[in-house]
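Novice: A single structure is presented below for examination.
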Amino acid sequence: MHHHKLKDLPHDFLWGAASAAYQVEGAWDADGKGPSVWDLFTKLPGKTFEGSNGDVAVDHYHRMAEDVALMAEMGLKAYRFSVSWPRIYPTGRGEVNEAGLAFYEKLIDTLLAHQIEPVLTLYHWDLPQALQEEYGGWEDRRIIADFELYCVTLYQRFAGKVKYWVSLNEQNYNLTNAYQLGTHPPAVQDRKRFFAANHIAFLANARVIKAFRQHVPNGLIGPSFAYSPAYPASCDPKDMLAYENAEEFNNLWWLDAYCFGRYPQAALAYLRENGEAPEILPGDLALLREGTPDYIGVNYYYTLTYTDNPLGGQTLQRINTTGKKGTTPSSGIPGLYKTAPNPHLETSNWDWAIDPTGMRIALRRLSSRYGLPLMITENGLGEFDKLEAGDKINDEYRIDYLRSHVVACQEALQDGVELLGYCAWSFTDILSWLNGYQKRYGFVYVERDERGGSLRRIKKASFHWYSQLIASQGKQR
Ligand code: BGP
């Protein structure tokens, strides 16, 4: 559908930006914080780009006031951040660490003082190391009760102050890396264990949503899903089938479980036949149906295009973590699908397809299948930025990316999607999990590289652009 004129965005639209604890805070062992799985994993040789880690990150823990002042100056309406579980429970459960709660309380109060709506993510991958060691983290059902205790602690403390909550961030992406690709801790490559851990994460997600209803009756909660909508490489029925397979295995497997409390049929049948299906105990699916979300958080970066992949064909491959364009191989599951380049789309230096129409498609697919409000909880462009004379960063390419995606949001609204907000990834530059500090996303440049730096904050061109966009309610693009 082509539109003559775009509708105005609603007045309470949440123009935001996002971050995650491990990627910004630093202060990895300050004030009683326990180690997370990432604190240990990043120290193992060869796991991250040039051995980068979040020990210091961009030191947000100590520069919170300065960072929020920049958000206020920009006119930001919402800030999405995550709470680090091992700051609250250093060993995963037991005694609560008051200093950890106090840090987030100060952050929330500072945001509210500037009329910035906090969007609180309960889990953005930094599992307490103690729980990984004690029972294997997400592979053991004991995590459900421990996660619930941690979440309820936050509900009780912040119910009156925080309205928007995210349960699990990108369970799909994180666990695929952790249990299939072996690129996130605990670095396992075993599909049976992957589907088992993933099922337990669904149960934990549903349990904390259920508990949320009692503790935060006026709030809204949902998971943030890393949605890369699938496209077929051609109208060859073989490619169409590959696309159906990919959408079902890579997207609906999570979305249907979250929103309908069931697994998609063809994928489940395939996994059962292969002995890889998760064990579903009596009561599991009922719990999923009792813990469905109020809205879906959408982390959108790119679409993926799929083609037929015969048995014995292409296997799963790792992503580009160097920024050397054109180095990402095709990746797939033999017998189901494999990725193919999309000749209609430009890519970033990390080979991510730039596809604003894909975001509109994503929003429409989700809205019409699940009938829930949506929130873009992440969207942005990771690129090399250059600090030029006079403290200038001319990130026009990022402005272009964001502008086209904001237009896609407006088009989706026109298509009838209920969209609560748009959180760009990220506010300041941050540590990219596997790509170090050179893959930058922020509106605010942070002067540091893999080895360190002054940590000075410098506004990029995109900072001024986004500020003006917000002030004009999306009109001045
Ligand atoms: C998402 C994560 C974010 C962020 C972003 C960019 O998967 O939720 O934490 O890292 O992707 O990814 P990357 O840093 O790999 O470029």
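The values are calculated or read from the model by the stated rules, or taken from the named source; none is laboratory data. Quick caveat: nothing in here was measured; it's all calculated off a predicted structure. Methodologically, a virtual Cβ is constructed for each residue, glycine included, from the backbone with ideal geometry; neighbour enumeration extends over all protein chains shown. In case anyone asks, the SASA skips ligands and DNA or RNA and just uses the protein heavy atoms, side chains included. Shrake-Rupley method; radii C 1.70, N 1.55, O 1.52, S 1.80 Å.
Novice: Please list 3J(HN,Hα) in residue order for segment 209-214, calculated via the Karplus relation 6.51 cos²θ - 1.76 cosθ + 1.60 where θ = phi - 60°; whole Hz, with x for glycine and proline.
Specialist: 6, 4, 5, 4, 4, 6
Novice: Apply 1/(1 + (r/R0)^6) to the Cβ-Cβ distance of D415 and C235, taking R0 = 22 Å, and write down the FRET efficiency to the nearest 0.05. Walk me through the numbers before you get to the answer.
Specialist: Working: r = 23 Å, r/R0 = 1.07.
E(calc), rounded to 0.05, equals 0.40.
Novice: By how many nm would the segment from A461 to F260 lengthen if fully extended, with 0.36 nm per residue of separation less the alpha-carbon distance?
Specialist: Working: separation 201, 0.36 × 201 = 72.36 nm, distance 4.26 nm.
Length gained between A461 and F260: 68.1 nm.
Novice: When the expected Rg is taken as 2.2 N^0.38 Å, what fraction or multiple of it is the alpha-carbon Rg of segment 275-359?
Specialist: Numbers: Rg = 17.5 Å, N = 85, 2.2 N^0.38 = 11.9 Å.
In units of the 2.2 N^0.38 Å rule of thumb, it is 1.47.
Novice: Return an integer: the convex hull volume of the alpha-carbon atoms of segment 398-469, in Å³ per residue. Could the numbers behind the result be given before it?
Specialist: Details: hull volume 7.1 nm³, N = 72.
Spelled out: Cα convex hull of segment 398-469, divided by residues, is 98 Å³.
Novice: What nm value, rounded to one decimal, do you get for the distance between R191 and D55 when each label is placed 7 Å out toward the C-beta?
Specialist: Taking the two extended label points, one gets 4.0 nm.
Novice: How many Å² of accessible area per residue for segment 14-472, probe 1.4 Å?
Specialist: On the way: 16440 Å² over 459 residues.
Accessible area per residue: 36 Å².
Novice: Right, here's the next one. Over all directions, what mean area does the Cα convex hull of segment 343-459 project, stated in square nanometres? Walk me through the intermediate numbers first.
Specialist: Numbers: hull surface 34.1 nm².
For segment 343-459, the mean projected area of the Cα convex hull comes to 8.5 nm².
Novice: Largest first and in whole Å, what are the equivalent-ellipsoid semi-axes of segment 170-238 based on the Cα gyration tensor, each being the root of 5 times an eigenvalue? Don't skip to the answer; put the middle values down first.
Specialist: Numbers: eigenvalues 165, 79, 21 Å².
Gyration-tensor ellipsoid for segment 170-238: 29, 20, 10 Å.
Novice: Kindly state, as a whole number, the per residue volume in cubic angstrom of the convex hull around the alpha carbon atoms of segment 43-121. Please list the in-between numbers first.
Specialist: On the way: hull volume 9.3 nm³, N = 79.
Normalising the Cα hull of segment 43-121 by residue number yields 117 Å³.
Novice: Along Cα→Cβ, 7 Å out, is where each label goes; now give me the distance between the ones at E134 and L387 in nm to one decimal.
Specialist: Inter-label distance under the simple model: 4.2 nm.
Novice: Sticking with this one: What are the semi-axes of the equivalent ellipsoid for the chain, taken as the square roots of 5 times the Cα gyration tensor eigenvalues, largest first, in whole Å? Intermediate results must be reported in sequence, preceding the final value.
Specialist: Working: eigenvalues 180, 153, 109 Å².
For the chain, the semi-axes come out at 30, 28, 23 Å.
Novice: Rounded to whole Hz and in sequence order, give me ³J(HN,Hα) for segment 130-147 from the Karplus expression 6.51 cos²θ - 1.76 cosθ + 1.60, θ = phi - 60°, writing x for Gly and Pro.
Specialist: Ordered by residue, 3J(HN,Hα) equals 4, 6, 4, 6, 5, 9, x, x, 5, 7, 10, 5, 4, 5, 4, 5, 5, 5 Hz.
Novice: Same structure again: Order 17-30, 108-121 from most to least packed using the mean count of other Cβ atoms within 10 Å. Mind showing how you got there, number by number?
Specialist: Details: 17-30: 23.7, 108-121: 18.5.
Final packing ranking: 17-30, 108-121.
Novice: Here's another thing I want to ask about it. Within the accessible area of segment 308-368, what % is carbon and sulfur when the probe is 1.4 Å and the other protein chains stay in place?
Specialist: Values: 1700 of 3110 Å².
Exposed carbon and sulfur together represent 55 percent of the surface.
Novice: I've got another one for you. How much length is gained if the chain between D31 and L44 is pulled fully straight, taking 0.36 nm per residue apart and subtracting their Cα-Cα distance, in nm to one decimal?
Specialist: Details: separation 13, 0.36 × 13 = 4.68 nm, distance 2.45 nm.
Separation in residues times 0.36 nm, less the Cα-Cα distance, equals 2.2 nm.
Novice: Sorted by average packing, counted as other Cβ atoms within 10 angstrom per residue and highest first, what order do 295-305, 152-162 take? Intermediate results must be reported in sequence, preceding the final value.
Specialist: Values: 295-305: 23.5, 152-162: 17.1.
Per-residue mean Cβ counts within 10 Å order the peptides as 295-305, 152-162.
Novice: Sticking with this structure for a sec: Give me the dipole magnitude in Debye, nearest 20, for segment 14-472 about the Cα centre, with unit charges on the beta carbon: positive for Lys and Arg, negative for Asp and Glu.
Specialist: Details: 44 positive and 55 negative charges, 58 e Å.
Dipole of segment 14-472, to the nearest 20 debye: 280 debye.
Novice: Here is a follow-up. On average, how much area does the Cα convex hull of segment 207-362 cover when viewed from any direction, in nm²?
Specialist: Numbers: hull surface 44.9 nm².
It is 11.2 nm².
Novice: Arranged from highest to lowest average of other beta-carbon atoms within 10 Å per residue, in what order do the peptides 368-377, 196-205 appear? Let's see the in-between values first.
Specialist: Values: 368-377: 19.3, 196-205: 23.2.
Packing proxy ranking, top to bottom: 196-205, 368-377.
Novice: Could you look at segment 83-236 and say what percent of its accessible area is carbon and sulfur, using a 1.4 Å probe and all protein chains? Show your work: numbers first, answer last.
Specialist: Details: 2490 of 4960 Å².
Roughly 50 percent of what the probe reaches on segment 83-236 is carbon or sulfur.
Novice: May I ask you to work out the translational diffusion coefficient for segment 158-279 at 4 °C, viscosity 1.567 mPa s, via Stokes-Einstein with Rh from the Kirkwood sum over Cα pairs, reported in whole µm²/s?
Specialist: Details: Rh = 15.8 Å.
Here the translational diffusion coefficient equals 82 µm²/s.
Novice: Could you pull out every residue, at least 5 positions away or on a different chain, whose amide H is within less than 5 Å of the one on A424? Hs are placed 1.01 Å off N in the peptide plane, and Pro or chain starts have none.
Specialist: Close amide H contacts, sequence-distant or interchain: G16, A17, A18.
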